[in-house]
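What follows is a single structure, written as structure tokens, with notes after it.
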Amino acid sequence: VGDTIVVSGEAVLYNGHPELKNLTSVVKVEGYGQVKLDSAIEVTEENVAEVWTLANNYQVMKLVKAQVVEINSSGSSKLQLGETEVVLYKATFPETVQVGDYIDVTCTMEAYKETAQGRPVSAENAIVKYYGVNVDVDGVDGEKETETYLAALGEQVTMVASHADKAYQFKHWEKLTVGEDGTETWEKVSESSSYTVTITETTDTYRAVFGFGPWENLDGNMELALQVAPSANN
């Protein structure tokens, strides 16, 4: 994939997609090098409706943080990117990727009838899985929905906890440990409101714990603001 070749054969259309059949020769042209995958057109939740169209047929595309909906390596697999369903044709997924995971996919766009679909460019670097850090946004189970920040393996995530009301003051970060018998234990891991973790193949869960501050700080609303952002190194 990515080599430049000269192909001779009969030009036909198959479901709207130009093809050559009855090939008489295929010759690799030396000196042109490989397609540069880092120049792929990025397709995100924000631009997918405009970019994932047949106007970009034959282009190298990179689907960013798409959710796996269906896996069918011998046919059509389905991804969800924003409000758009994206089809991958004959995609080989790593064993670690399952339905529900988020991935990046580098692929070439091709037409099937009047529909755009992607074909991964290689088994080695086509699909990159995101892993997550779960964060309990207020340190109290069940009161607010847990937020998950997704990043690629080995990247760093910096979690910054702050409270919107001075009545509360940050105490520490805790990490959840689950024993073999299912027993859950919270362990204090940092007293800094800014805490950096490295993404691994396991999805870890953290929570920010707050306590009451001085009574003179009471000034009305008690809402927590938690910012989860990439570290300065990424």
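The values are calculated or read from the model by the stated rules, or taken from the named source; none is laboratory data. Fair warning: this is a prediction, and the values are worked out from it, not measured in the lab. Using ideal geometry, Cβ is built from the backbone for each residue, glycine included, and neighbour counts are taken over all protein chains shown. Just the protein is used for accessible areas: all its heavy atoms, side chains included, with ligands, DNA and RNA removed. Shrake-Rupley method; radii C 1.70, N 1.55, O 1.52, S 1.80 Å.
A few remarks follow.
- Computed accessible area, Phe210, all protein chains, 1.4 angstrom probe, square angstrom: 40
- Net charge of Cβ neighbours under 11 Å - reference Asp3; Lys, Arg +1; Asp, Glu -1: 0
- The length gained by stretching the chain between Glu45 and Gln80 to full extension, at 0.36 nm per residue less their Cα-Cα distance, is 11.7 nm.
- Region 73-104: GluC sites (Glu not before Pro) in DSSP coil with no more than 16 other Cβ atoms inside 10 Å: Glu83, Glu95
- Charged neighbours of Gln80, selected by a Cβ distance under 12 Å, balance to -3 (K, R count +1; D, E count -1).
- Local electrostatic count at Val69 - Lys and Arg +1, Asp and Glu -1, tallied over other residues with Cβ under 11 Å: -2
- Listed peptides 54-65, 173-184 by packing density, highest first (mean Cβ within 10 Å): 54-65, 173-184
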